[in-house]
Amino acid sequence: MGNELMVFVVMVIVQVAFAGMIIISKLVMDGGMNAFVQSAYRPIFATISIAPFAFFLERKTRPKLTRSVLFQIFLCSIFGITANQNIYFIGIKNSTPTIVSAIDNLIPAFTFIIAVPLGVEKMGLRSIAGQAKFWGTIVCVGGAMLLSLYHGKVVIGQLGFHWKYAESTNEDVNSAHSNFFLGPFLLIMSSLTYAIWLIIQAKVNEKYAAPYTSTLLMCLMASVECVIIGFCVVPKLSEWTLNPIRAISVVYNGVVATSLTYFLSSWCIERKGPLYVSMFNPLLLVISAFLSWILLREKLYLGVVVGSILVVAGLYGFLWGQKMETSAEDIEVNKEKKQSTNLQADLELQLPQNPKANVHPLQLKQISQNIKTEL
């Protein structure tokens, strides 16, 4: 009971950490920080903070790094950080924290859509589990499209409380609705690149059993890539200077929202599995909406509320189907093991007790066929 409570508390902390990243990133970018600069700093601080874990925890167990694995890690750096983070932060700039956290729930659906053609996942529409995954994906994508295309009336207005720093920024968070289509569209593309990263990262984990080292290499490569892109887009050095709030933002995003959350999520996956961890994604939506409403004076619109509900409902439908599918596979595996054990036991009973006795091969074959027929 105590261990389960600890896992639950840790996953809540992870979601709070992610919500804090969204809020503070939105805040500093509304205050004038360029999205490409924000994207370049994050993997740098992530690399610095992950390096000690990779060195001390995997120093003796680190496998040999082959060229194919190194190339796959390079692809992970492209899709998982460079492309993902640049699009993601531009999306945050042109959207609101509530929409950002709602669209993050599309990642399992996009992963399923990509995995089916590659043969990693099966559609299985004849089973209830397959239908749940299929319709959950459709509802998720439909909710995201509603977020992007429909604005609607204000459901919850601005809070009377004002944070002084938020008031000093150049923009009100709700002014992002002038780009109401661009922001969600970029965030959807960000979720798509993240889903591609998940597929590639799964292949890396199979071939290279050193997660901290592979993450370190991925962040190191992405640091170089993001800095090059950042200086091409923002060549002025004055744009790269960090005032106190910007420094807090990039350090927090690299150390807390990347290194710490990766470590805590891995710890929870090891104890409860990836499905349990995925179930906490909608909590990010609730926390982000609440913090944004309090700190950034965000308004909640009808399209955002209804679209978010559809995305969360679709996510849980998808996860329910996935759980049913996994349970069915486990039952089938246990059944095959039981049959194999029974077959071996019956074979031993029907064979002569004398170990020196000669048994003709055709007799053995006939005994095996009889036992299989009985099973």
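The values are calculated or read from the model by the stated rules, or taken from the named source; none is laboratory data. As the structure is a prediction and not an experimental result, all values here were calculated from the model. For neighbour counting, all protein chains shown are included, and Cβ atoms are generated from backbone atoms with ideal geometry for every residue, glycine included. Note: areas computed on protein heavy atoms with side chains; ligands, DNA, RNA excluded. Shrake-Rupley method; radii C 1.70, N 1.55, O 1.52, S 1.80 Å.
If you take the square roots of the eigenvalues of the alpha-carbon gyration tensor of region 65-153 and sort them as a ≥ b ≥ c, do you get rounded (a/c under 1.5), prolate (a/b over b/c) or oblate? Oblate shape, in that a/c is at least 1.5 and b/c is the bigger or equal ratio. Centroid-to-centroid, using Cα positions, region 94-127 and region 1-46 are 21 Å apart. Looking at the square roots a ≥ b ≥ c of the eigenvalues of the Cα gyration tensor of region 238-284, which shape do they give, rounded for a/c under 1.5, prolate if a/b is larger than b/c, or oblate? Prolate is the answer for region 238-284, as a/c is 1.5 or above and a/b outweighs b/c.
Calculation over all alpha carbon pairs of region 214-304 in 5 angstrom steps from 0 returns a P(r) of 3, 10, 11, 16, 17, 15, 17, 9, 2, 0 percent. Working from label points 7 Å from Cα in the Cα-to-Cβ sense, the V224 to L125 distance is 4.6 nm.
Rounded to the nearest Hz, the phi-derived 3J(HN,Hα) couplings of region 221-232 under the Karplus curve 6.51 cos²θ - 1.76 cosθ + 1.60 (θ = phi - 60°) are 4, 5, 4, 5, 4, 5, 5, 4, 5, x, 6, 5, where x marks glycine and proline.
Computed from backbone phi with θ = phi - 60° and the Karplus coefficients 6.51, -1.76 and 1.60, the 3J(HN,Hα) list for region 29-38 is 6, 5, x, x, 6, 6, 5, 5, 5, 4 Hz; x is used for glycine and proline. Highest mean first, the peptides 221-229, 24-32, 36-44 sorted by other C-beta atoms within 10 Å per residue fall in the order 36-44, 24-32, 221-229. Proximity of backbone amide H atoms, modeled 1.01 Å from N, is registered between Y301 and V155 at under 5 Å, excluding neighbours fewer than 5 places apart on the same chain.
Using the Cβ-Cβ distance between K153 and M279 with R0 set to 35 Å, the FRET efficiency from 1/(1 + (r/R0)^6) comes to roughly 0.65. Overall, the anisotropy analysis places region 1-119 in the rounded class: the square-rooted eigenvalues a ≥ b ≥ c of its C-alpha gyration tensor yield a/c less than 1.5. A simple rule links phi to the HN-Hα coupling: the Karplus curve 6.51 cos²θ - 1.76 cosθ + 1.60 with θ = phi - 60°, which for region 131-144 gives 5, 5, 5, 5, 6, x, 5, 4, 5, 4, 5, x, x, 5 Hz, with x for Gly and Pro. Extending 7 Å from the Cα toward the beta-carbon at both L57 and V116 defines two label points whose distance is 3.5 nm. Projected onto their three principal axes, the Cα atoms of region 38-78 cover extents of 33, 25, 8 Å, largest first.
Accessible area per residue for region 208-287, computed on protein heavy atoms with a 1.4 Å probe, is 47 Å². Here the extension length gained between F71 and E4 equals 20.3 nm, from 0.36 nm per residue of separation less the Cα-Cα distance.
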